[in-house]
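Here is the structure we will look at.
The values are calculated or read from the model by the stated rules, or taken from the named source; none is laboratory data. If you're wondering where the values come from, they're calculated on a predicted model, not measured in any experiment. Quick reminder, even Gly has a Cβ in these numbers, built from the backbone with ideal geometry, and neighbours come from all protein chains shown. Calculation scope for accessible area: heavy atoms of the full protein, side chains included, ligands and nucleic acids excluded. Shrake-Rupley method; radii C 1.70, N 1.55, O 1.52, S 1.80 Å.
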Amino acid sequence: MSYLKKIEQDIIKAINNAGFEVDQVDLTTSNRPELGDYQINDAMKLAKTFHKNPREIAETIKTELEKDYRFENINIAGPGFINISISNKALIEFLNELNQDVKNNIDSKGNKKLFIDYGGANIAKTLHVGHLRPADIGEALKRLAKAVGNEVISDVHFGDIGRQSGMVISEIKRLHPELPYFQEGYNGEEVDFTITAEELGEIYPRASIAAKEDEARMEEVRQITAELEDGHKGYVALWEIIKKVSIEDIKQIYIKLNTDFDLWEGETDCYPYIPATMDVLKAGNHLYESEGALVMDVAEETDNSPMPPLVVIKSNGATLYATRELATIYSRVKRFDPEEFWYVTDFRQGLYFEQVFRASRKSGLTKENVKLVHLGLGTMNGPDGKPFKTRDGGVMDLKSLIELVKNETTARLNPNITDENERKEIAEKIAIAALKYADFLPFRSTDFIF
């Protein structure tokens with residue numbers, strides 16, 4: 001039973017003790033908060049039953065309520081509206097009780113199996129302030145879904161393949177051309193090479209800007225990316241080192257943000273399922289060739305605007321996001337068989353997910369009764385009003401932001417807290433709470449300037 005339900009039950013007892021028999025009470029949020037947090041409007045109803053002045057009834061109930069330490073600021077307004085607030089002492093007791101088990105305050109509402117995909121950090125890129133929203137909102141949704149009784153499986157779904165891999169490898173190749181990874185004949189032997197997360201944070205923006213300004217460099221990036229996907233031994237070995245360093249760094253930041261996942265998988269984890277996924281798509285004759293690429297129609301008669309076909313395989317035979325997304329869905333259905341899929345990303349990916357969801361249903365990768373939902377978010381933008389982009393550089397990384405806020409909270413701590421370890425622990429908890437609170441303030445779908 002929720003806390004307010006318990007409060008209502010005790011108010012009913014108080015009204016009965018005052019001599020007025022009721023089995024329910026009308027406890028509502030006060031429309032005049034200066035008078036109290038809640039108001040009880042039952043005196044007027046009771047006046048008709050007991051043929052008494054409603055204000056007189058309210059006074060009798062007020063006297064009874066004043067016997068309970070949990071209620072304060074009890075006053076009567078108008079003809080008999082009872083205003084009431086819950087005391088700080090009672091709220092502190094409730095929060096301490098809640099801290100032991102949050103389920104004590106929640107009525108169970110669900111028994112579904114849900115799969116939530118959120119986070120979506122990219123390997124070799126530094127987590128920046130724009131990554132807060134999907135992490136915070138996704139984590140909150142996961143906890144709420146669990147709290148009301150659902151079985152929930154969560155996955156960070158790393159972006160661990162794609163253009164950024166070619167960018168980073170191409171830059172390392174320029175910095176260290178002597179590495180065996182780049183020599184013909186490399187056969188997987190161990191190499192004495194290390195790289196830090198900080199170095200990766202500098203390499204990607206630098207490589208991105210260089211490729212944007214030089215078409216030859218961009219072509220090299222495309223070539224490396226394609227060869228990595230095809231299993232180039234040197235690139236695969238180097239990329240595994242980069243992934244390990246980057247994932248560990250990203251994990252530590254998520255841990256600081258109290259964000260955790262059941263699965264720490266990436267796009268490449270779907271590779272073993274791609275052949276079977278393609279078999280399903282081909283078996284239903286859903287794919288056709290267009291300009292050398294394999295595409296799938298996902299338009300429906302009820303569409304009010306054009307719905308482009310979904311490109312599943314590029315003209316050069318390579319996979320792309322949609323291929324891997326469909327194979328990931330296939331994988332998750334096979335392994336977990338969830339009743340609902342929730343994807344938490346910003347609104348810019350809305351069309352893409354609508355295409356993928358339609359392709360999934362139309363092909364039979366998911367059953368008709370399986371719910372596929374994109375929970376779109378507004379973006380956290382820079383001063384120019386545009387979403388942050390790691391590749392452009394100059395974006396505050398999350399580590400720096402957390403440290404900045406932690407320094408501010410440390411400076412404002414009670415000086416009577418003298419134990420240094422205790423001060424650090426409190427400062428960090430307040431810093432993280434403040435960041436999350438600020439991130440949750442705007443409505444989920446609203447863009448805002450950082």
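With N counted as the residues of segment 12-106, its alpha-carbon radius of gyration over 2.2 N^0.38 Å works out to 1.16.
Put simply, when 187-198, 40-51 are sorted by average Cβ atoms within 10 angstrom per residue, most first, you get 40-51, 187-198. With point charges of +1 on the Cβ of Lys and Arg and -1 on the Cβ of Asp and Glu, referenced to the Cα centre of segment 300-450, which listed residue (Phe347, Leu372, Ile449) lies farthest in the positive direction of the dipole? Ranked along the dipole, the leading option is Leu372.
Shown are Ser331, Ser445, whose ranking by accessible area with a 1.4 Å probe and every protein chain present, most to least, is Ser445, Ser331.
In the chain, the DSSP beta bridges split such that about 50 percent are antiparallel, to the nearest 5. Split the accessible area of the chain by element, probe 1.4 Å, and carbon with sulfur accounts for 50%. Treating the angle as unsigned and between 0 and 90°, give the value, to the nearest 10°, between the Cα long axis of helix 350-363 and the longest Cα principal axis of the chain. Its long axis makes an angle of about 80 degrees.
What fraction, in whole percent, of alpha-carbon pairs in segment 305-450 exceed 25 Å separation? Here the long-distance tail beyond 25 Å is 53 percent of all Cα pairs in segment 305-450. Average 1/r across all pairs of distinct alpha carbons in segment 233-321, invert it, and you get the Kirkwood radius: 16.6 Å. Ranking Gly78, Ile209, Val191 by how far each Cα lies toward the positive end of the dipole of the chain (charges on Cβ) leaves Gly78 at the top. In a solvent-free Debye calculation with one equal scatterer on each Cα, what is log10 I(q)/I(0) for the chain at q = 0.06, 0.09, 0.14 Å⁻¹, listed in the order of the q values? Debye intensities relative to I(0), on a log10 scale: -0.40, -0.78, -1.36.
Taking trypsin sites (Lys or Arg not before Pro) across segment 92-140, the ones in a DSSP loop with at most 16 further Cβ atoms lying within 10 angstrom of their Cβ are Lys109, Lys112.
Computing FRET efficiency as 1/(1 + (r/R0)^6) for Lys212 and Asp419, where r is the C-beta to C-beta distance and R0 is 41 Å, gives about 0.20.
With an a/c value of 1.5 or above and a/b larger than b/c for the gyration tensor axes a ≥ b ≥ c computed over the alpha-carbon atoms, segment 95-193 is described as prolate. Rg and Dmax of segment 132-259, based on Cα coordinates, read 17.9, 57 Å. Structural descriptor for segment 119-223: relative contact order 35 percent, calculated from alpha carbon pairs under 8 angstrom and at least 6 residues apart. Of all aspartates and glutamates in the structure, the ones whose alpha carbon falls short of 13 Å from that of Lys251, not counting any fewer than 8 places away in one chain, are Asp155, Asp260, Asp262, Glu265. Modelled this way, with points 7 Å down the Cα-to-C-beta line, the labels at Asp279 and Val236 are 2.2 nm from one another. Ligands, DNA and RNA are left out, and with a 1.4 angstrom probe the accessible area of segment 83-186 is 42 Å² per residue.
May I ask you to list the GluC sites (Glu not before Pro) in segment 290-376 that are in a DSSP loop and have at most 14 other Cβ atoms within 10 Å of their Cβ? Those that pass, being in a loop and sparsely packed, are Glu291, Glu300, Glu301, Glu368.
By a 1.4 Å probe calculation restricted to protein chains, Leu144 has an accessible surface near 110 Å², given to the nearest 10. Here is the list for segment 365-450: trypsin sites (Lys or Arg not before Pro) lying in DSSP coil, each with at most 13 other C-beta atoms within 10 angstrom of its C-beta, are Lys367, Arg412. Measuring r between the beta carbons of Asp297 and Lys367 and using R0 = 22 Å, the FRET efficiency lands at 0.60.
One Cα centroid belongs to segment 326-348, the other to segment 239-273; the line between them spans 17 Å.
Rolling a 1.4 Å probe across all protein chains gives His157 an accessible area of roughly 30 Å². Close amide H pairs (under 5 Å, H built 1.01 Å from N) link Met396 with Val129, residues at least 5 positions away or on another chain. Projected onto their three principal axes, the Cα atoms of segment 400-449 cover extents of 42, 17, 14 Å, largest first.
Ignoring lysines fewer than eight residues from Lys52 along the same chain, the ones with Cα atoms less than 30 angstrom from its Cα are Lys5, Lys6, Lys13, Lys62, Lys67. Computed over every Cα-Cα pair of segment 170-238 and binned at 10 Å starting from 0, the pair-distance distribution P(r) comes out as 19, 49, 31, 2 percent. A Förster radius of 45 Å, combined with the Cβ-Cβ distance separating Arg412 from Ala77, puts the computed FRET efficiency at roughly 0.75.
Going down the list Lys282/Lys367; Lys282/Lys314; Lys362/Lys436; Lys146/Lys367, which pairs span over 27 Å between their C-alpha atoms? Check vs 27 Å cut-off fails for Lys362/Lys436.
Of all aspartates and glutamates in the structure, those lying under 14 Å Cα to Cα from Lys212, and not within fewer than 8 positions of it along the same chain, are Glu171, Glu220, Asp392. Fully extending the segment from Phe50 to Thr196 would add 44.8 nm, taking 0.36 nm per residue of separation and subtracting the current Cα-Cα distance. For the chain, a crude dipole built from +1 on the beta carbon of Lys and Arg and -1 on the beta carbon of Asp and Glu, taken about the Cα centre, is about 1180 debye to the nearest 20. Placing a label point 7 Å from the Cα of Lys386 along the Cα-to-Cβ line, the residues of segment 198-223 whose backbone N sits under 17 Å from it are 205-206, 208-214. Relative to the longest principal axis of the Cα atoms of the chain, the long axis of helix 420-440 lies at roughly 90 degrees.
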